[in-house]
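**Q** Pasting a structure below so you can have a look.
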Amino acid sequence: SITKEHLLPSVTMMDELGPLWPAEPHVVSDALRPEAPISPAVDGWTLPDLTVATVQDVVCCDDVAVLLIKGGVDTFKPSNLAIWHLGESKGIAHSLKPLVLQSFSNEALQCSKLWPLGPRSFAAHCGVSVWRVDLPESNGEFDFDQQVVASISQLFMPPPGVHSLACSSLKSESHPYFAMFIKPPSATASGPIVISPGQSMQQLPAARLCVWQPLSGLRPVADVPRLSEQLVASPGDRHICVWRVMRNEVPEEAERGEFMAMNLSSLGDGASSTGAMQPICLTRGAGRVGEAAVSDNGEHILLQANFSKDKPITTHMSLVLIVWPLDADVPSTEKRNLMVGQHIHCFHFWPSSASNEGDDEVALAVTKLVGVDAETSLWACSPHASPKQIGSTLHTPITSHSLGILAAHDGQPAMAVFGSESPDVLPRACCLHLDAVTSGGSTSVKQVELQQPDGMANFSMEKVIYMHGDQEVTALLFERTTPACPENAPLLVHAHGGPAIGALRSLRAACDHTRYPFRHYLVAGYRVFQPMFRGTLGFGDAWAQANIGQQGSLQGDLGDILAGLDWLNSSHPRLKGTIEKSRTGIWGGSYGGYMTLRALSAAPDRFGAGVAQYGFVHNRWMTYEGGDFTWEDEYLIPPPEMGEGEIPVDGSLSKDTVGIYNPNQPRERSGSDQPQPRKRSASDVWPLPRELEASDVFNGLHHICVPLLLMHGEKDDICPLSQSQVAFHMLEKQGVPTGLIIYPGEGHGFDEPAHQQDRDRRMLAWWSKYIPCN
């Protein structure tokens, strides 16, 4: 039976909650309303399609360069193509002109990739098809008083499931090769989802490498690992394809993988079905993998990998050269390090004659980040010698991921055409004479501005360096210049994600629609401070690894942020005396979301509000819900007595350094090929000791006492939504101003333009309420 005494606690609880009806209106922040209201003058800067124009791709045809322009104004739409005259009769043109594709007006058919085909033609991937584009005859020059109209014809339509499209045989205009991967079909069963142990690391069912040629059409060539991606091909007559294979379908922070290659030159001899050719494994134990490139003749292969077993996340990827001799069936097993311990932004092969050394040499341009600054150097490579730097460092760095070579009238390479950006100038197209660079002479660069939307130049960025203990910390400070930013403007700290990522110092970061845009904050009158705290790439391995076992520490990365605020308040010429809690906010996504949560819990007296996007509160929980163990195993250090012992694991992708991959012939394990045991790592330790929870926010959530907005994607498979849900319910229960915005269908980041604009509006409304501008 239920007595009156049993009911008393419930009655008391009801009294605390207040009457159920009539209900009081629920008062919420503008950031939590169905539509967040912000000033119309600022709202235009939240539009996702308002972007800075950049050079995305370049091809050179005769005496002109064709540039694929991403973003900017509508000048080059619908094709997004521009033409730059570089002929000798009138000199280099001072502006770009739109390239109009005849009978081509559909906005959905904007170009996304270009490949040169011949002296007056190139191929373009537009919409769902690949097209041949033929430029009109110019007799040495175009009439730039008129738009240039080119004729187009469809080459082929890639089938469903195609990705990583690459083009080879570019010097044979009538016989181009297009190589591509076709993914295996997805399971369509309507029953339960079945997940078996190790399923995410299986390379079967295989993907298929296929080739399209004008005469034979599309045909399969070989089965390749299921997780193959980022296919590149040699542009010359020797058809070498290179690609990377990821180790795990689960998104890993370590991005572990291997590189594979295949020689398609024998296709002309009749090989046309799977099984006739097999790919070759170029690496074993490559660790973290990046991009690859192949020289014109396929003799030189560049790979980006760190070959680190213990620290694949925090070890900078090296640039490694592999030689595939012209008369050999397989590449050499020797790997030559071109650049080690530095953050490589991009790299490009140049024509052989650019080296001015020998006929068997090939040159390449490498752009690395020295801290946050881009620096491009030129290197010469030969099959029989170590790579060596030639010429001088370019005054104008190459920052585009595409580069075109324009040949002079005698057929020798004359100019390189590329995109560049810098701290004080928005992205532009550039060209320079190759001979001047390689001979050490004057490297005067011709530049042409890209047409940018109004107001994009009304911002500034400043690089500052300050001390935290005995360590130098670099940071970027952003503000608007027109109208001038108020002297006592509130400061918003952006904690970047990763944390093992690099940051390029470029004015574009202030005004473009980036992954974490903040231009609308600058327009509204805020300043933005972005510290490159320990863990950031570009400052050497020691700095990248300095927050291992120190994440969120006042002596580590969090301390780097707080030291920056102290320096601004005490030593910055213009901001001295303006930094205070009520006028300082912090935000970030992923690791930056974690840092926001950590800062508000570990240093609650330093910030007035925060916004955490898809962050995390508990490492172990995140690790086992998402399935990526590389994060915890590298960043957390278990107590010595708990890291002892060995656990058997599976082997590697290939048995030998260079070997043949055949998914239809599984290897039998015997002797040394048996799975080797590995040392216990942090994620193997159970139960979880207190030492492994030291960096977590979970047990410190109750210390957060300032307004905190949480934003997360519904289907985030890296930092699961549950991490933000727990933080929200804790803050809600404690009575801290908070809110949780969940974007349906989104993963780790927000890709839908409508969601991006909604995010930007809500965040600005949050700052406006809790850290208002004057």
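The values are calculated or read from the model by the stated rules, or taken from the named source; none is laboratory data. As the structure is a prediction and not an experimental result, all values here were calculated from the model. Quick reminder, even Gly has a Cβ in these numbers, built from the backbone with ideal geometry, and neighbours come from all protein chains shown. Just so you know, the surface numbers come from the protein's heavy atoms only, side chains and all, with ligands and any DNA or RNA stripped out. Shrake-Rupley method; radii C 1.70, N 1.55, O 1.52, S 1.80 Å.
**Q** So how many residues does region 590-622 have that are surrounded by 23 or more Cβ atoms within 10 Å (Cβ to Cβ), among the aromatic types (Phe, Trp, Tyr) and in a helix (DSSP H, G or I)?
**A** Going through region 590-622 one residue at a time, the tally reaches 2.
**Q** A further question follows. Quick check on my filter: what residues within region 70-85 are surrounded by 22 or more Cβ atoms within 10 Å (Cβ to Cβ) and more than 19 Å from Gln102 (Cβ to Cβ)? Write out each step before concluding.
**A** Keep residues of region 70-85 that are surrounded by 22 or more Cβ atoms within 10 Å (Cβ to Cβ), which gives 72, 76, 79-85.
Gly72, Trp84, His85 - these are the residues of region 70-85 that are surrounded by 22 or more Cβ atoms within 10 Å (Cβ to Cβ) and more than 19 Å from Gln102 (Cβ to Cβ).
**Q** Turning to a different aspect of this structure: Against the condition of a type in the set (S, T, N, Q) and open to solvent by less than 40 Å² (accessible area, probe 1.4 Å), how does Thr51 come out, does it pass?
**A** On the way: of a type in the set (S, T, N, Q): yes; open to solvent by less than 40 Å² (accessible area, probe 1.4 Å): yes.
Against the criterion (of a type in the set (S, T, N, Q) and open to solvent by less than 40 Å² (accessible area, probe 1.4 Å)), Thr51 qualifies.
**Q** Quick check: anything in region 576-585 open to solvent by less than 10 Å² (accessible area, probe 1.4 Å), farther than 18 Å from Thr738 by Cβ and in a helix (DSSP H, G or I)?
**A** No, region 576-585 contains no residue that is open to solvent by less than 10 Å² (accessible area, probe 1.4 Å), farther than 18 Å from Thr738 by Cβ and in a helix (DSSP H, G or I).
**Q** Now for a separate question. Quick check: is even one residue across region 11-23 at pLDDT 90 or above and of a type in the set (D, E, K, R)? Spell out how you get there, then give the answer.
**A** Going through region 11-23, the residues at pLDDT 90 or above turn out to be none.
No, region 11-23 contains no residue that is at pLDDT 90 or above and of a type in the set (D, E, K, R).
Here is a yes/no grid of residues against (1) free of Cβ contacts under 8 Å to residues at least 40 places away in the same chain; (2) farther than 23 Å from Arg505 by Cβ:
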{"position": "Ile280", "(1), (2)": "no, yes"}
{"position": "Arg284", "(1), (2)": "no, yes"}
{"position": "Ala292", "(1), (2)": "no, yes"}
{"position": "Gly298", "(1), (2)": "no, yes"}
{"position": "Phe307", "(1), (2)": "yes, yes"}
{"position": "His316", "(1), (2)": "no, no"}
{"position": "Trp324", "(1), (2)": "no, yes"}
{"position": "Trp350", "(1), (2)": "no, yes"}
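**Q** Still on this structure, I have one more. Quick check: anything in region 386-399 touching a helix residue (DSSP H, G or I) at 6+ places or on another chain (Cβ under 8 Å) and part of a strand (DSSP E or B)? Please lay out each step first, then the result.
**A** Keep residues of region 386-399 that are touching a helix residue (DSSP H, G or I) at 6+ places or on another chain (Cβ under 8 Å), which gives 390-392, 394.
Adding the requirement that they be part of a strand (DSSP E or B) leaves 390.
Yes, some residue in region 386-399 is touching a helix residue (DSSP H, G or I) at 6+ places or on another chain (Cβ under 8 Å) and part of a strand (DSSP E or B).
**Q** Within the group Pro486, Pro499, Pro490, which residue is at pLDDT below 95 and not basic (Lys, Arg)? I'd like the intermediate steps shown before the answer.
**A** Values: Pro499 fails: at pLDDT below 95; Pro490 fails: at pLDDT below 95.
Exactly one of Pro486, Pro499, Pro490 is at pLDDT below 95 and not basic (Lys, Arg), namely Pro486.
**Q** Additional query: Tally the residues that are touching a strand residue (DSSP E or B) at 6+ places or on another chain (Cβ under 6 Å) and either surrounded by fewer than 20 Cβ atoms within 10 Å (Cβ to Cβ) or modelled with pLDDT under 95 (or both), restricting the search to region 702-720.
**A** So the answer is 1.
**Q** Then there's this: Return the pair list, or none, for Cβ contacts closer than 8 Å from residues in region 444-459 that are at negative phi and open to solvent by 30 Å² or more (accessible area, probe 1.4 Å) to residues that are of a type in the set (D, E, K, R) and at pLDDT 90 or above, at least 6 apart or on different chains.
**A** So the pair list comes out as Gln447/Arg428; Glu449/Arg428; Asn458/Arg480.
**Q** Of (1) among the charged types (D, E, K, R); (2) in a loop (DSSP other than H, G, I, E, B); (3) at pLDDT 95 or above, Glu472 satisfies all except one. Which?
**A** (2)
**Q** Now a separate question. Among the numbered criteria (1) out of contact with any Phe, Trp or Tyr (no Cβ under 9 Å at 6 or more places or on another chain); (2) more than 14 Å from Leu282 (Cα to Cα), which one does Thr333 miss?
**A** (2)
**Q** Pull out all pairs, ordered by first then second residue, where Cβ-Cβ is under 8 Å, the residues are six or more apart or on different chains, the first lies in region 378-392 and is farther than 19 Å from Ala416 by Cβ, and the second is open to solvent by 20 Å² or more (accessible area, probe 1.4 Å) and not in a strand (DSSP E or B).
**A** From region 378-392, the pairs are Ser382/Glu357; Ser382/Gly358; Ser382/Asp360; Ser382/Glu361; Pro383/Glu299; Pro383/Pro325; Pro383/Asp360; His384/Asp360.
**Q** Can you spot a residue in region 754-762 that is at pLDDT 95 or above, open to solvent by 60 Å² or more (accessible area, probe 1.4 Å) and either touching a strand residue (DSSP E or B) at 6+ places or on another chain (Cβ under 7 Å) or not in a helix (DSSP H, G or I) (or both)? Steps first, please.
**A** So the first thing to find is which residues in region 754-762 are at pLDDT 95 or above, and the list is 754-762.
Keeping just the survivors that are open to solvent by 60 Å² or more (accessible area, probe 1.4 Å) gives 754, 761.
Retained after the next criterion (residues that are either touching a strand residue (DSSP E or B) at 6+ places or on another chain (Cβ under 7 Å) or not in a helix (DSSP H, G or I) (or both)): none.
No, region 754-762 has no match at all.
**Q** Which members of region 538-574 meet the condition of being surrounded by fewer than 23 Cβ atoms within 10 Å (Cβ to Cβ), out of contact with any Lys or Arg (no Cβ under 7 Å at 6 or more places or on another chain) and within 30 Å of Ala484 (Cβ to Cβ)?
**A** Ala563, Asp566, Trp567, Ser571, His572, Pro573, Arg574
**Q** Okay, moving on. Please work out if Pro531 is over 19 Å from Val464 (Cα atoms) and modelled with pLDDT of 95 or more. Give the derivation first.
**A** Values: over 19 Å from Val464 (Cα atoms): no; modelled with pLDDT of 95 or more: yes.
Against the criterion (over 19 Å from Val464 (Cα atoms) and modelled with pLDDT of 95 or more), Pro531 does not qualify.
**Q** Conditions first: (1) open to solvent by 20 Å² or more (accessible area, probe 1.4 Å); (2) farther than 27 Å from Leu155 by Cα; (3) out of contact with any Pro (no Cβ under 8 Å at 6 or more places or on another chain). Ala286 passes all but one, so which condition is the exception?
**A** Every listed condition holds for Ala286 apart from (1).
**Q** Considering Val473, Val523, which residue is open to solvent by less than 10 Å² (accessible area, probe 1.4 Å) and of a type in the set (Val, Ile, Thr)? Before you say what the answer is, go through the steps one by one.
**A** Details: Val523 fails: open to solvent by less than 10 Å² (accessible area, probe 1.4 Å).
That would be Val473, the only listed residue that is open to solvent by less than 10 Å² (accessible area, probe 1.4 Å) and of a type in the set (Val, Ile, Thr).
Conditions (1) at pLDDT below 95; (2) more than 26 Å from the chain's Cα centre (by Cα); (3) under 18 Å from Leu731 (Cα atoms), marked per residue:
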| site | (1), (2), (3) |
| --- | --- |
| Asn569 | no, yes, no |
| Leu575 | no, yes, no |
| Gly589 | no, no, no |
| Arg606 | no, yes, no |
| Tyr614 | no, no, yes |
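**Q** Let me ask something else. How do the pairs read when you match residues in region 730-755 that are of a type in the set (A, V, I, L, M) with residues anywhere that are surrounded by fewer than 16 Cβ atoms within 10 Å (Cβ to Cβ), using Cβ under 8 Å and keeping only pairs 6 or more apart or on different chains?
**A** Met730/His702; Val736/Cys705; Leu740/Gln725; Ile742/Glu714
Yes or no, residue by residue, for (1) at pLDDT 90 or above; (2) of a type in the set (Ser, Thr, Tyr); (3) open to solvent by less than 20 Å² (accessible area, probe 1.4 Å); (4) out of contact with any Ser or Thr (no Cβ under 9 Å at 6 or more places or on another chain):
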{"position": "Val133", "(1), (2), (3), (4)": "yes, no, yes, no"}
{"position": "Phe156", "(1), (2), (3), (4)": "yes, no, yes, no"}
{"position": "Pro176", "(1), (2), (3), (4)": "no, no, yes, no"}
{"position": "Gly191", "(1), (2), (3), (4)": "no, no, no, yes"}
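**Q** To continue, here is another question. Regarding Pro427, is this residue at pLDDT 90 or above, touching an Asp or Glu at 6+ places or on another chain (Cβ under 8 Å), crowded, with 22+ Cβ neighbours inside 10 Å and under 23 Å from Cys61 (Cβ atoms)? Don't jump to the end; show me each part of the working.
**A** Details: at pLDDT 90 or above: yes; touching an Asp or Glu at 6+ places or on another chain (Cβ under 8 Å): yes; crowded, with 22+ Cβ neighbours inside 10 Å: yes; under 23 Å from Cys61 (Cβ atoms): yes.
Considered against the rule, which asks whether it is at pLDDT 90 or above, touching an Asp or Glu at 6+ places or on another chain (Cβ under 8 Å), crowded, with 22+ Cβ neighbours inside 10 Å and under 23 Å from Cys61 (Cβ atoms), Pro427 comes out as yes.
**Q** Another one. Looking at Glu691, Glu732 in this structure, which one is surrounded by 15 or more Cβ atoms within 10 Å (Cβ to Cβ), outside any loop (DSSP other than H, G, I, E, B), among the charged types (D, E, K, R) and out of contact with any Leu (no Cβ under 8 Å at 6 or more places or on another chain)?
**A** Numbers: Glu732 fails: surrounded by 15 or more Cβ atoms within 10 Å (Cβ to Cβ).
When all the criteria are applied, what remains is Glu691.
**Q** Arg219 - would you say it is closer than 28 Å to His348 by Cα, touching a residue at least 12 places away in the same chain (Cβ under 8 Å) and touching a Ser or Thr at 6+ places or on another chain (Cβ under 8 Å)? Show your work before the answer.
**A** Working: closer than 28 Å to His348 by Cα: no; touching a residue at least 12 places away in the same chain (Cβ under 8 Å): yes; touching a Ser or Thr at 6+ places or on another chain (Cβ under 8 Å): yes.
The answer is no for Arg219.
**Q** Just one of Pro486, Pro499 is in a loop (DSSP other than H, G, I, E, B), in contact (Cβ under 8 Å) with a residue 40 or more places away in the chain and either of a type in the set (Asp, Glu) or closer than 23 Å to Ser39 by Cα (or both); which is it?
**A** Numbers: Pro499 fails: either of a type in the set (Asp, Glu) or closer than 23 Å to Ser39 by Cα (or both).
The unique qualifying residue is Pro486.
**Q** With respect to Gly341, determine if the residue is in a loop (DSSP other than H, G, I, E, B), modelled with pLDDT under 80 and either open to solvent by 20 Å² or more (accessible area, probe 1.4 Å) or under 25 Å from Phe307 (Cβ atoms) (or both).
**A** Numbers: in a loop (DSSP other than H, G, I, E, B): yes; modelled with pLDDT under 80: no; either open to solvent by 20 Å² or more (accessible area, probe 1.4 Å) or under 25 Å from Phe307 (Cβ atoms) (or both): yes.
Taking the combined requirement at face value, the residue does not satisfy it.
**Q** Among the residues of region 232-246, is there at least one that is hydroxyl-bearing (Ser, Thr, Tyr), buried (at least 16 other Cβ atoms within 10 Å of the Cβ) and closer than 30 Å to Glu632 by Cβ?
**A** no
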